[in-house]
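Down below is the structure, laid out as structure tokens.
The values are calculated or read from the model by the stated rules, or taken from the named source; none is laboratory data. Here the structure is a predicted model, which means the values were calculated and not measured. Heads up, the Cβs are rebuilt from the backbone with ideal geometry, glycines too, and the neighbour counts pull from every protein chain shown. What goes into the accessible areas is simple: the full protein's heavy atoms, side chains included, and nothing from ligands, DNA or RNA. Shrake-Rupley method; radii C 1.70, N 1.55, O 1.52, S 1.80 Å.
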Amino acid sequence: MAFPEKHLRLIRKEFESKNDTIPERIRLGNHFVDDFIFEDQEAADIPINALRVIFNIISIISSEQFRPADRPKRLSLFDEEFETDNNIFASMKIRNNKISPSGSSKQVIDAYEFLARFKMSWYKSINSKGKEIKTFGGLISVPSYDHRGYTSFLISSYWLKKLMVIPEYNYVLYNLVYNIRNNKHIIFAIWLSKLPEKGTVVKLASLNRKFGVNYKTANDICFKFLKPARVSLNRHNNLSFNYRYKGDSIFIAPYQTRKIADIDLSSNNGEQLEVTRRLRYFRKRYGLQEQEMTQFSYQYRHINQTRELIERAFREFIRMNRLKGIKSTEFQAKVFLNEMQDIIIAQYMKTKMGTLLPNGYPVII
């Protein structure tokens with residue numbers, strides 16, 4: 001059977017942003033993420049402005065998204081509307097300043113060109129009646145740039161279904177694509193949202209391949225890729241992660257950062273002054289330089305449970321040195337932090353959380 005003509009397109013529905021309300025978060029269906037962003041377990045290198053297009057598409061259709069288990073009739077309605085013939089599309093338009101806040105027409109055009117070409121192919125799906133439906137194109141087709149402030153385009157029924165029909169999904173903050181400039185950090189955040197609470201272990205070669213990087217050692221990938229990504233997510237996402245490595249195995253454990261914001265809001269000035277005083281004590285007494293204080297200070301200042309764990313570890317550090325007849329100040333700078341990190345791990349493993357999430361201990365180095 002011959003394929004239908006590529007240029008024969010049937011438009012069944014129009015989507016348009018009703019207003020400029022900014023959503024807090026969007027729902028990313030796992031089928032879409034797996035097929036479009038992480039096909040064959042490797043992340044696509046999607047430019048930041050193209051990611052903005054994707055996030056805005058999902059924002060616009062958010063009221064139409066559904067889980068078939070919750071709304072089985074909606075799936076039948078979707079099939080009747082979009083999967084009765086080949087090459088059925090929906091049309092959409094997005095404000096150009098949503099894609100390039102700086103107003104660069106080149107950035108907008110390049111973003112849509114990437115999505116029109118990326119994964120351009122024939123796609124097949126089977127509707128609820130068992131009929132095979134074929135659609136040609138990428139995620140978007142025939143984008144049309146309008147100098148009056150919008151770009152319009154088509155979305156095929158194949159990709160629209162993966163965006164709208166979401167048996168499994170995860171929430172991602174909408175503003176990630178505006179607050180974080182590194183596209184790999186955003187893609188990492190999307191991958192992180194799919195991890196189980198207990199975390200995962202990834203081999204160096206797999207992590208290199210997954211995110212299109214080429215670090216020679218686990219130490220390199222941790223401190224040149226994961227550490228900057230973690231800083232970005234700590235600042236701008238509701239989900240960040242701890243990491244450590246052993247040999248060529250990297251342990252990654254997600255945690256909610258919203259708790260940090262809640263703690264900040266509930267903290268009074270007196271408590272914050274005491275925290276600042278205590279951090280100055282550690283810095284002066286143990287010769288910590290600015291770069292060595294960054295991670296330690298963040299963990300100590302923002303997370304109550306971690307601060308308490310650090311203080312318990314410090315008391316144990318002092319006790320152990322007294323038993324050995326050693327002055328604690330003999331441990332300076334990174335040597336001090338390494339000693340503290342080892343004790344923190346040992347203390348953490350004695351807690352209930354250490355049993356549930358053994359790789360979730362705070363990293364202060």
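Leaving out ligands, DNA and RNA, what percent of the accessible area of the range 200-262 is carbon and sulfur, probe 1.4 Å?
Roughly 51 percent, rounded to a whole number.
Could you sort 149-162, 51-64, 330-343 so that the peptide with the highest average Cβ count within 10 Å comes first and the rest follow in order?
Packing order, densest peptide first, comes out as 149-162, 51-64, 330-343.
Can you work out ³J(HN,Hα) from phi for every residue in the range 176-190, in order, using Karplus 6.51 cos²θ - 1.76 cosθ + 1.60 and θ = phi - 60°, giving whole Hz and x for Gly and Pro?
3, 6, 10, 8, 10, 8, 7, 4, 5, 5, 5, 5, 4, 4, 5
Using alpha carbons only, how many angstrom separate the centre of the range 24-68 from the centre of the range 220-258?
22
Specify whether the C-alpha gyration tensor of the range 269-356 places it in the rounded, prolate or oblate class, a ≥ b ≥ c being the square roots of the eigenvalues: rounded for a/c under 1.5, otherwise prolate if a/b is larger than b/c and oblate if not.
Oblate, since a/c reaches 1.5 and b/c is not below a/b.
Calculate what fraction, in whole %, of the accessible area of the range 269-356 sits on carbon and sulfur atoms when a 1.4 Å probe is rolled over the protein chains.
52
Leaving out same-chain residues fewer than 8 places away, which lysines sit with a Cα under 18 Å from that of residue 227?
184, 203, 210, 216, 246, 334
Based on DSSP H runs of at least 4 residues, each adding -39500 (n - 2.57), what is the mean residue ellipticity at 222 nm of the chain after dividing by all its residues, to the nearest 500 deg cm²/dmol?
The per-residue figure over the chain is -13500 deg cm²/dmol.
Taking the Cα centre of the chain as origin, sum charge times position over the Cβ atoms of Lys and Arg (+1) and Asp and Glu (-1), and report the length of that vector in debye to the nearest 20.
1120
If one puts a single equal scatterer on every Cα of the range 10-177 and applies the Debye formula without solvent, what log₁₀ I(q)/I(0) results at q = 0.13, 0.15, 0.16 Å⁻¹?
-0.61, -0.83, -0.95
Can you work out the accessible area per residue across the chain, with the rest of the protein chains kept in place, probe 1.4 Å, in square angstrom?
52
Considering only 210, 106, 227, give the residue with the highest GNM mean-square fluctuation for the chain, with springs between Cα atoms whenever their separation is below 10 Å.
Result for the chain, Cα springs under 10 Å: 106 fluctuates most.
So for the chain, considering every pair of alpha-carbon atoms, how many percent are separated by more than 28 Å?
54
Give the residue from 26, 249, 279 lying farthest towards the positive end of the charge dipole for the chain; charges sit on Cβ (+1 for Lys and Arg, -1 for Asp and Glu) and the dipole is referred to the Cα centre.
Going by the charge dipole, the pick is 279.
Name the residue from 108, 152, 49 whose Cα lies farthest towards the positive end of the charge dipole of the range 10-177, charges +1 on Cβ of Lys and Arg and -1 on Cβ of Asp and Glu.
152
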